[in-house]
Structures are given as structure tokens and as C-alpha cells.
1. Mind giving me the FRET efficiency for Arg112 and Leu17? R0 is 30 Å, r the Cβ-Cβ distance, nearest 0.05 is fine.
2. Please give the calculated 222 nm ellipticity per residue for the chain, where each DSSP H segment of at least 4 residues contributes -39500 (n - 2.57) and the sum is spread over every residue; nearest 500 deg cm²/dmol?
3. Report, to two decimal places, the Cα Rg of the chain normalised by 2.2 N^0.38 Å (N = number of residues).
4. If you roll a 1.4 angstrom probe over the protein chains with everything in place, what fraction of the accessible area of the chain belongs to carbon and sulfur, to the nearest %?
5. Rank-order 40-47, 80-87, 11-18 by packing density, defined as the average count of other C-beta atoms within 10 Å over each peptide's residues, highest first.
6. Can you give the Kirkwood hydrodynamic radius for the stretch 1-65, in Å, rounded to one decimal and based on Cα pairs?
7. Using r as the Cβ-Cβ distance of Ser57 and Asn37, and R0 as 22 Å, what FRET efficiency do you calculate, to the nearest 0.05?
8. Tell me, what is the per residue accessible area of the stretch 1-91 in Å², probe radius 1.4 Å?
Amino acid sequence: MNRIAVNILDLPDEILLYIFNKLANTDVLYSFYGIFNKRLQRIVQGEKFSAKLDFSSIIDQMKIFRRFSDLILPQIHLRIECLTIESEYLERFLVVTDYPNLSQLKLCNFHRDNYFRYFTGR
């Protein structure tokens, strides 16, 4: 039996996009952002993978959050339009960078009384 080794970089862009579209945007960014390959960076840094980010299911993993807050969010903050996070991490995300194009903020497990100060100035 012959074995053929295929490197992910051997795949055409269309196949890479098909694969990446099957994954969560946060998984794609976490796994491939910062890899020193111009082709992968061009695909990963596109609007498709940075406009809508959902951290609601992975934020409890601090290693992932630190990579996003230190490296990824400051680089893609201009393209973020929708952000979904656990409400307990709201302040951590807000202090990382500005999000000038953010039009939707979705908070999971939101407790109104704890967060009035962010939206009312109190």
C-alpha cells in the first residue's frame, strides 16, 4: 500500500476555505493566525474569519484568551462587527482594544445589575 503525505499548504485556496468554513472562526484564528505563511495569513485575516467572533464556548480556557488578547484581537479589531462572549469576561475584552466597527455585542449569562455601569456611565 502506498502512503501519500499531503501538507495543508499543498491544498488549493478553495479547499482551504471549504475546510476553514466548517470550523468556528475562533478556532481558525487561534490555530492559524501568526503562522509565517503569507498565503495562510491572507486567508485567515480576511473579513470572513474576523467579522463575527463567538467566544461563548471557549473562553474558560485562559491560554486561548491570552493568545487572542495579546496577539489576535489588537490586529483584527477594525474588522470585528459581532462579538459573542460570556458576560463575566466583558471587561477583559473591552480593555484589550477598541472595536470601532462593532455593531453587535452578544452576552451570554448576562446579569443586568452587574453591567449597568458599562452602558449607562454609572
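The values are calculated or read from the model by the stated rules, or taken from the named source; none is laboratory data. Worth saying up front: this structure is predicted, and the values here are computed from it rather than measured. Counting neighbours? That spans all protein chains shown, and the Cβs are built from the backbone with ideal geometry, glycine included. Side chains are part of the model used for accessible areas, which takes the heavy atoms of the whole protein and leaves out ligands, DNA and RNA. Shrake-Rupley method; radii C 1.70, N 1.55, O 1.52, S 1.80 Å.
1. Here the calculated transfer efficiency is 0.15.
2. -11000 deg cm²/dmol
3. Scaled against compact globular proteins, the figure is 1.24.
4. 51
5. 80-87, 40-47, 11-18
6. 13.2
7. The computed FRET efficiency comes out at 0.20.
8. Per residue, the stretch 1-91 has an accessible area of 62 Å².
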